[in-house]
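Heads up: the structure comes next, in structure tokens.
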Amino acid sequence: MKKLNLMIVAACAAFTMQACHSNISTTTSDTTTTTVKTDSTKVDTSKIAAADTAFTNKAASGGATEIAASKMALKMSQNAKIKDFANMMITDHTAAGDKLATIAKSKSITLPSGPNAMQQSALDSLSKKTGSDFNMAYVNQMYKDHKETVAMFQSAQNTVKDTTLKAFITATLPTLQKHLDAITAIKSSMK
């Protein structure tokens, strides 16, 4: 009888140890799975951050270009509609640029200090024009830029992941569309 009790106790002990060992193994396996998922999420997040940063930089340099061209228009154009449009551009893009700069700072994104090389080349070309040639070149440039910018912001609504940046895009897009509509009307009136 003592041998039977001893064998039952040994069997229970072995069973208990096996059960504990299974739980440890399962826990380790679950922990490993969680770690893998966390690591892959971190990799995806850095890719998203790079895409968001690229959008932010492109939007900032585009806004700076439109402000610079519009300041030029205020000095070089005699057309009241163009001057009104240029004032709207400076006001709206300065406000949007300030909001974007605040977001960028909170995300540790360094924005470009002005237009990129291609944009600067377009500004240099614009600055060499006068009179009606300047007016037409400015209007054409603003029309082209706003078509591209509206399309970029519409696309970014679906691709940008950062919620603060996405809210900025959603809030800014109607203003950009208003700019496109206004410059389209000016362009049509100049034909």
(message) Cβ-Cβ under 6 Å, sequence separation 6+ or interchain: first residue in region 93-104 and within 17 Å of Q177 (Cβ to Cβ), partner assigned to a helix (DSSP H, G or I) and among the β-branched types (V, I, T). Which pairs?
(response) H93/I67; A96/T172
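Can you find a residue that is outside any helix (DSSP H, G or I) and modelled with pLDDT under 95 anywhere in region 120-136? It would help to see each step written out before you state the result.
Kept after step one, since they are outside any helix (DSSP H, G or I), are these residues of region 120-136: 128-130.
Subsequent filtering for residues that are modelled with pLDDT under 95 retains none.
Among the residues of region 120-136, not one is outside any helix (DSSP H, G or I) and modelled with pLDDT under 95, which makes the answer no.
Please find, among T65, T164, T102, T110, the residue that is among the hydroxyl-bearing types (S, T, Y), surrounded by fewer than 19 Cβ atoms within 10 Å (Cβ to Cβ) and in contact with a helix residue (DSSP H, G or I) (Cβ under 6 Å, 6 or more places away or on another chain).
Values: T65 fails: surrounded by fewer than 19 Cβ atoms within 10 Å (Cβ to Cβ); T102 fails: in contact with a helix residue (DSSP H, G or I) (Cβ under 6 Å, 6 or more places away or on another chain); T110 fails: in contact with a helix residue (DSSP H, G or I) (Cβ under 6 Å, 6 or more places away or on another chain).
After ruling out the rest, the residue left standing is T164.
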(message) If I109 satisfies all but one of (1) of a type in the set (A, V, I, L, M, F, W, C); (2) assigned to a helix (DSSP H, G or I); (3) under 24 Å from the mean Cα position of the chain (by Cα), what's the number of the condition it fails?
(response) (2)
(request) Residue by residue through region 172-184, note down the ones that are without any contact (Cβ under 8 Å) to a residue 24 or more places away in the chain and over 16 Å from N87 (Cα atoms). (result) L173, P174
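One line per residue, one yes/no per condition, for (1) more than 15 Å from L126 (Cα to Cα); (2) of a type in the set (A, V, I, L, M); (3) modelled with pLDDT of 90 or more:
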{"site": "V36", "(1), (2), (3)": "yes, yes, no"}
{"site": "D39", "(1), (2), (3)": "yes, no, no"}
{"site": "S46", "(1), (2), (3)": "yes, no, no"}
{"site": "D52", "(1), (2), (3)": "yes, no, yes"}
{"site": "K58", "(1), (2), (3)": "yes, no, yes"}
{"site": "G63", "(1), (2), (3)": "yes, no, yes"}
{"site": "K71", "(1), (2), (3)": "no, no, yes"}
{"site": "K75", "(1), (2), (3)": "no, no, yes"}
(message) Can you pull out every residue in region 149-161 that is within 23 Å of A122 (Cβ to Cβ) and either surrounded by 15 or more Cβ atoms within 10 Å (Cβ to Cβ) or touching a residue at least 40 places away in the same chain (Cβ under 8 Å) (or both)?
(response) T149, V150, M152, F153, A156
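The values are calculated or read from the model by the stated rules, or taken from the named source; none is laboratory data. In this text the structure is predicted, and so the values were computed from the model without any measurement. When we count neighbours, we look across all protein chains shown, and the Cβ atoms used for this are built from the backbone with ideal geometry, even at glycine.
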